[in-house]
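Structure first, then comments.
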Amino acid sequence: SRGLGDVYKRQENYDQVMSPVTGIEAAIAKLLTDAQAAQKAFNEQSALDQARAKANATITALEKALADALSTIATECPDVKQNFTGAAISAQITVLRNSVNTAYENRTLSTDYDNVMSPVAGIEAAIAQLIADAKAAQQAYNDEQEAIKNLNEAKAKADAKISELNASLTSTLATIAETCPDVKNDFKGEAVTASIAALRAAVDKAFADKTLVENYDQVMSPVTG
């Protein structure tokens, strides 16, 4: 019986000595779990950082593209550049940057990257359209200035011809008065004066209507008569 007691005692000592085993096994299992969780967190953070770096690079490229577009507009479209500031596009880029930052903070940027960055194509198209619209507006401005120049030149030419007619009539009346004193009162040129006045009115109207250039020959057709 004493021997059996010794066996029990040794068994108790063994159990006591080996009691940490369960805790150690649990710690080993937890070590693996924690390491895997840490690796997962690291991977997720790395993916987030990479996604933000990629997104920021894209946004920086958009900002540069807009700046280049505005520089092109300032150089090639100087007369209309004030109407093409790109403010709306700049605001869209700001909204995109805020969306990227929010998705990063919410830790959804890497998994929802394509959705967050979906405005990029539209912003790129808007930048291209901004340049196209500015160039079209500059061309329209140039065309308008050329039309105004041509119109003013036509008006000056018509005015010069009318002045020439008036001078010719004045000279003719003076000649009549000098050479035909007895009948000069019958030749005062009222009809010619009226014709010149009608011509003047036609020129002024065509000038006001901006049709003088294309209709110049027609408007000035009474000159010969």
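The values are calculated or read from the model by the stated rules, or taken from the named source; none is laboratory data. This structure is a prediction, so every number in the text was calculated from the model and none was measured. Note: ideal-geometry Cβ built from the backbone for every residue, glycine included; neighbour counts use all protein chains shown. Calculation scope for accessible area: heavy atoms of the full protein, side chains included, ligands and nucleic acids excluded. Shrake-Rupley method; radii C 1.70, N 1.55, O 1.52, S 1.80 Å.
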Find out how many positive minus negative residues lie around T75, taking Lys and Arg as positive, Asp and Glu as negative, among other residues whose Cβ is under 15 Å from that of T75. -1
Accessible area per residue, Å², region 133-176 with all protein chains present, probe 1.4 Å: 60
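With a/c under 1.5 counting as rounded, go ahead and sort the chain into rounded, prolate or oblate using the C-alpha gyration tensor (a ≥ b ≥ c being the square roots of the eigenvalues; past the cut-off, prolate if a/b is larger than b/c, else oblate). Provide the component values of the computation, followed by the final result.
Numbers: a/c = 11.47, a/b = 9.57, b/c = 1.20.
Judged from the Cα gyration tensor, the chain comes out prolate (a/c at least 1.5, a/b above b/c).
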Cβ-Cβ FRET estimate between E178 and E76, R0 fixed at 41 Å, reported to 0.05: 0.05
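Report the gain in length on full extension from A37 to N142: 0.36 nm times residue separation, minus Cα-Cα distance, nm rounded to one decimal.
Values: separation 105, 0.36 × 105 = 37.80 nm, distance 6.68 nm.
Once the chain is fully extended between A37 and N142, it gains 31.1 nm.
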Report the relative contact order of region 83-157, percent, no decimals, based on alpha-carbon pairs under 8 angstrom and at least 6 residues apart. 34
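Just subtract the alpha-carbon distance of A198 and K161 from 0.36 nm times their residue separation and send over the number in nm, one decimal. List each step's numbers first, then the result.
Working: separation 37, 0.36 × 37 = 13.32 nm, distance 1.37 nm.
Taking A198 through K161 to full extension adds about 12.0 nm, to one decimal.
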Mean separation of Cα contacts under 8 Å (at least 6 apart) over the residue count of region 128-225, i.e. the relative contact order in percent, is 32
Write down the Å³ per residue value for the convex hull defined by the alpha carbon atoms of region 136-225. 72
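So, by mean Cβ neighbours within 10 angstrom, what's the order for 165-176, 15-26 with the highest one leading? Mind dumping the intermediate values first?
Working: 165-176: 13.2, 15-26: 9.6.
Put in order of decreasing packing, that is 165-176, 15-26.
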What's the FRET efficiency of Q129 with T102 using the Cβ-Cβ distance as r and R₀ = 22 Å, to the nearest 0.05? 0.20
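Quick check: net charge around S118, other residues with Cβ under 13 Å of its Cβ, Lys/Arg +1 and Asp/Glu -1? Write down the numbers at each step before the final one.
Details: positive: none; negative: D112, D114, E124.
Taking every Cβ under 13 Å from that of S118, the sum is -3.
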On a straight-distance basis, which aspartates and glutamates could pair with K54 in a cross-link, Cα separation under 17 angstrom, same-chain partners fewer than 8 positions away excluded? E44, E63, E105, D112, D114, E124
Could you list, in their original order, any pairs among K64/K135; K81/K149; K81/K205; K149/K188; K149/K205; K161/K205 whose Cα atoms are separated by more than 28 Å? K81/K205; K149/K188
Charge context of A103, other residues only, Cβ under 10 angstrom, K/R +1, D/E -1: 0
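Length gain on complete extension for the stretch N83 to T224, per 0.36 nm per residue less the alpha carbon to alpha carbon distance?
Values: separation 141, 0.36 × 141 = 50.76 nm, distance 4.81 nm.
The span from N83 to T224 would gain 45.9 nm if fully extended.
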Go ahead and set up a Gaussian network model of the chain, Cα springs under 10 Å, then flag whichever of N43, N13, N106 fluctuates most. N13
Can you give me the angle between helix 119-179 and the longest principal axis of the chain, using Cα atoms only, in degrees from 0 to 90, rounded to the nearest 10? 10
Gaussian network model of the chain, Cα springs within a sub-10 Å range: biggest mean-square fluctuation belongs to which of P78, P181, P119? P181
Please report the base-10 log of the normalised intensity I(q)/I(0) for region 56-189, using a Debye sum with one equal scatterer per alpha carbon and no solvent, at each q in 0.10, 0.13, 0.18 (1/Å). -0.57, -0.73, -0.97
